[in-house]
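Everything below concerns the one structure shown next.
The values are calculated or read from the model by the stated rules, or taken from the named source; none is laboratory data. Quick caveat, the model's predicted, so the values are computed rather than measured. Here Cβ is always computed from backbone atoms with ideal geometry, including for glycine, and neighbour counts include all displayed protein chains.
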Amino acid sequence: MPFKGASLEDWGKVILAATKRTEEVFKIKADISCPIFEDVVASINKGLESLKPEEPNSAKVAGVAAFWIRKLKPIFHGRDVPRVFLAINEYVSLIVGLGICYRSGPAADASITNFDPRILNDWVYSFRYHSHSPNSSIIAFETLLSKQNVIIAK
């Protein structure tokens, strides 16, 4: 699992797997821009270096990775593709984040396919049309992995 200082190859495997899964789900064909992908990896690694502690937990890694994939948009549809999915970068970013979270931590035995589709759709929509920061993405993944129940005072 890629963490702080992971190579282009490490991140490439993760992002390519999420892109392939997205292609299968939406019956589309996508490509990844190498220069933008390199910028994504550099931004992820720089973002992770700024976090404390030295080895950030999976939710922090997921939040930073999802933010930069969504922000820089390395995935695109080729020419003459009959079907497109406009929120492909947002969807892939969340699949990457969920994959990172579900392969470690409290949700290690969970499967991405068991994630609530309504919540995923709302999250993709929000990533596409609303402002998000790396920190807000981290908080979302931290909440997802939290074992504690949230109590709202009236």
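Hey, among Leu72, Leu86, which residue is in contact with an Asp or Glu (Cβ under 6 Å, 6 or more places away or on another chain), under 23 Å from Ala140 (Cα atoms) and not charged (D, E, K, R)?
Numbers: Leu86 fails: in contact with an Asp or Glu (Cβ under 6 Å, 6 or more places away or on another chain).
Answer to the selection: Leu72.
Could you list, in sequence order, the residues of the stretch 43-52 that are surrounded by 14 or more Cβ atoms within 10 Å (Cβ to Cβ) and either of a type in the set (Ser, Thr, Tyr) or more than 15 Å from Ala62 (Cβ to Cβ) (or both)? Write out each step before concluding.
Step one: list which residues in the stretch 43-52 are surrounded by 14 or more Cβ atoms within 10 Å (Cβ to Cβ), which gives 43-45, 47-48, 51.
Answer for the stretch 43-52, where residues must be surrounded by 14 or more Cβ atoms within 10 Å (Cβ to Cβ) and either of a type in the set (Ser, Thr, Tyr) or more than 15 Å from Ala62 (Cβ to Cβ) (or both): just Ser43.
Limited to the stretch 100-154, what total is found for residues that are exposed (fewer than 15 other Cβ atoms within 10 Å of the Cβ), modelled with pLDDT of 85 or more and not in a helix (DSSP H, G or I)?
Here the count works out to 3.
Among the listed residues Glu38, Glu23, Glu55, which satisfies the condition of being surrounded by fewer than 19 Cβ atoms within 10 Å (Cβ to Cβ), in a loop (DSSP other than H, G, I, E, B) and over 15 Å from the mean Cα position of the chain (by Cα)? Reasoning before the result, please.
Values: Glu38 fails: in a loop (DSSP other than H, G, I, E, B); Glu23 fails: in a loop (DSSP other than H, G, I, E, B).
Of the residues listed, the single one that is surrounded by fewer than 19 Cβ atoms within 10 Å (Cβ to Cβ), in a loop (DSSP other than H, G, I, E, B) and over 15 Å from the mean Cα position of the chain (by Cα) is Glu55.
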